[in-house]
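Computed from the coordinates by the stated procedures, all read-outs in this text should not be read as laboratory data. None of the values given here were measured: they were computed from a predicted structure.
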């Protein structure tokens, strides 16, 4: 099924009613009738990868396969690092949003 197009250009990938993610890798946020464009940060993608890796390692360690203790330990380390990265990315996004909204006034 082809992706619907919006008047701004690229194909619209996600539209939750609050914002939309376009092909250019940016998020449009509607806050108090303003449009702020936020670029997707690489740090958030790294955090997502770390969390997915952590889930796999923790599952491996809990299932009792070979090297279960090593996988379990690595999984919890990856999990802790990924959570810190998510919080870091969140603070960066808050700053980006504040700057974008201040630039519109």
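How large is the Kirkwood hydrodynamic radius of the stretch 41-105, counting all unique pairs of alpha carbons, in Å?
It works out to 13.1 Å.
Given the Cα-Cα distance of residue 87 and residue 68 and 0.36 nm per residue of separation, how much length would full extension add, in nm? Before the final figure, lay out the partial values.
Values: separation 19, 0.36 × 19 = 6.84 nm, distance 2.88 nm.
Extra length from residue 87 to residue 68 when fully extended: 4.0 nm.
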